[in-house]
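Worksheet for the structure shown next.
The values are calculated or read from the model by the stated rules, or taken from the named source; none is laboratory data. Predicted model, so just to flag it, every value in this text is computed and none were measured. Backbone-built Cβ (ideal geometry, glycine too); neighbour counts: all protein chains shown.
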Amino acid sequence: MNLTIALARLLVFPGLLFAIPFAWFFLWVERKAVALMQGRIGPPFMQPFYDFIKLLGKGNPPRTGLAGALMKIWPLLAVSSAAGAVALLPVLPHYGGFQGDLIFLLALLEVPSFCIIAAGFSSRSIFGEIGSAREAVLSVSYNIVFLLAIVSIAASQHTFRLDALAALPASPLRWLGVAAVLICLPAKLHLNPFSLPNAEQEIYAGPMTEYAGPELAMWELAHGLEWVAATGLVATLAAPQITLWWLAAIVFVGLSIGIVLLLSVLASATARLAIDSTVRFYWQCTLIFAVLAISSALFMRFRS
Amino acid sequence: MCYCRRRSPWLFHMNSGSCNGCDIEIVASLTPRYDAEQLGVRLEGSPRHADILCVTGPVTRNAVNAVKTVYDQVCGPKAVVAIGSCPATTNVFIDSRTLEGPLSKHIPVDVFVPGCPPRPDAIIAGVAKAAGILADRAANKPTPEPAPLTVVETTGQEVRA
């Protein structure tokens, strides 16, 4: 992959130019699905776009010193790493990935979460600090399951290349891994049963409490790009093999929207869990399945 | 930009000693029957995120400083909606020595939504009007003067000087 292709993928497709409208679209699908589930009509189609433009035009609270500079950096870092994660998705076949791009994608997907934790602590707001502490605890809980599931998929298919994973026929173990990843997605995207870090109204706005204007717009954008990257990763792992590239692209987008709908319906049908219940859920209930998946993957690998 | 500001009013709800009647009606305006989210309204948890400050209650002596602080925390362009008769006139609590109201003594109010409590559709209409005022003000268009308590005459009460 040379520099031109890498830049084109980061900036045009499936990077920023493609992913930003898609991020807004996913945010709208989420809000609309929640509204429909509650018997409301919900926001108009362009609502996330209006919100973004409006936030860009608002003022920023004054920020001084090192903490102020850090607070300005975190949202930009979150947006750029989420955009990088989207750019790594093998939406088109023969795009030229590299060995280990799955690991790089996982690392980039983790950066926005770190940025949120750091942003809450550098805002020096008590609500931001509570939200960051919750995000840190949540991150430790779901990431074990998430990473074990991904590693079990990669081990069962003998590769850490995304395009190779997408091209290989799915084994039963892979479906177990995809299910485990799906269980972790609500926590990764701060959706309702696990929406502890940004618990609206309960701790004001969590780590985002002190953010306003363009910085908040960047956080919203990073959240949307996270949606695109996380659902895209699951769609890559779950999509069937199709040789026609346009049909494959339609199936990919359709699967992503299906996952967004599934998560939104789950979010509107559940209430927020307390932190101890969340941690117990991930460490006691789902970790067993992840360990089973990875041990059977390794076992099959030694047998073959 | 002007259109986007009009279509995306985010609210912060501030209780300055209200009896909770108006607060319930604000929440009711977000429910399936009234569904203010069609206008892009979102109730935000932090005043930093908000465009429109919705104040309920007659502004008690304890709440004055909080109201001023929260008003300063909202980043511009911003608008203030006084919800209910209490922030407009202090309502039945007029002449109470524990009050510092009405609200317009402390922060500039753009829209008054009278009623005790006002209906949710009146609240939504007030918020939509405030969003228009906010967008026009940010675009340096002429905006109507802050409402001069004309609504008070219908309730037959006088404002304490």
How many residues does region A:130-174 hold that are crowded, with 22+ Cβ neighbours inside 10 Å, among the β-branched types (Val, Ile, Thr) and more than 16 Å from A:THR278 (Cα to Cα)?
2
Looking at (1) in contact (Cβ under 8 Å) with a residue 12 or more places away in the chain; (2) surrounded by fewer than 20 Cβ atoms within 10 Å (Cβ to Cβ); (3) β-branched (Val, Ile, Thr), find the lone condition where A:VAL228 falls short.
(2)
Leading residue by the ranking (nearest to the other protein chains (Cβ to nearest Cβ)) among those in region B:43-59 that are charged (D, E, K, R) and in contact with a helix residue (DSSP H, G or I) (Cβ under 9 Å, 6 or more places away or on another chain):
B:ARG48
Test B:HIS13 against the criterion of being within 18 Å of B:VAL127 (Cα to Cα), at pLDDT below 95 and over 14 Å from the mean Cα position of the chain (by Cα), and give yes or no.
no
Being within 21 Å of B:VAL74 (Cα to Cα), more than 7 Å from chain B (Cβ to nearest Cβ) and among the hydrophobic types (A, V, I, L, M, F, W, C) is the filter here, so list the residues in region A:42-70 that pass it.
A:PHE52, A:LEU55, A:LEU56, A:ALA67, A:ALA69
Among the listed residues B:VAL64, B:VAL81, which satisfies the condition of being touching a residue at least 12 places away in the same chain (Cβ under 8 Å), closer than 28 Å to B:ALA138 by Cβ and under 14 Å from the mean Cα position of the chain (by Cα)?
B:VAL81
Testing A:LYS58 on (1) of a type outside the set (A, V, I, L, M, F, W, C); (2) surrounded by 21 or more Cβ atoms within 10 Å (Cβ to Cβ); (3) in a helix (DSSP H, G or I), one condition comes back false. Which one is that?
(3)
Please go through (1) among the hydroxyl-bearing types (Ser, Thr, Tyr); (2) modelled with pLDDT under 90; (3) in contact with a strand residue (DSSP E or B) (Cβ under 8 Å, 6 or more places away or on another chain) for B:THR98 and return the number of the only condition it doesn't satisfy.
(2)
Name the residue that is nearest to A:PHE22 (Cα to Cα), counting only residues in region A:258-300 that are crowded, with 16+ Cβ neighbours inside 10 Å and β-branched (Val, Ile, Thr).
A:VAL260
Residue list for region B:4-39, restricted to those being crowded, with 22+ Cβ neighbours inside 10 Å, assigned to a loop (DSSP other than H, G, I, E, B) and facing chain A (nearest Cβ under 8 Å)
B:SER8
Return the pair list, or none, for Cβ contacts closer than 6 Å from residues in region A:190-207 that are free of Cβ contacts under 8 Å to residues at least 60 places away in the same chain to residues that are assigned to a loop (DSSP other than H, G, I, E, B) and not aliphatic (A, V, I, L, M), at least 6 apart or on different chains.
A:HIS190/A:PRO197; A:HIS190/A:ASN198; A:GLU200/B:GLY45; A:GLN201/B:GLY45
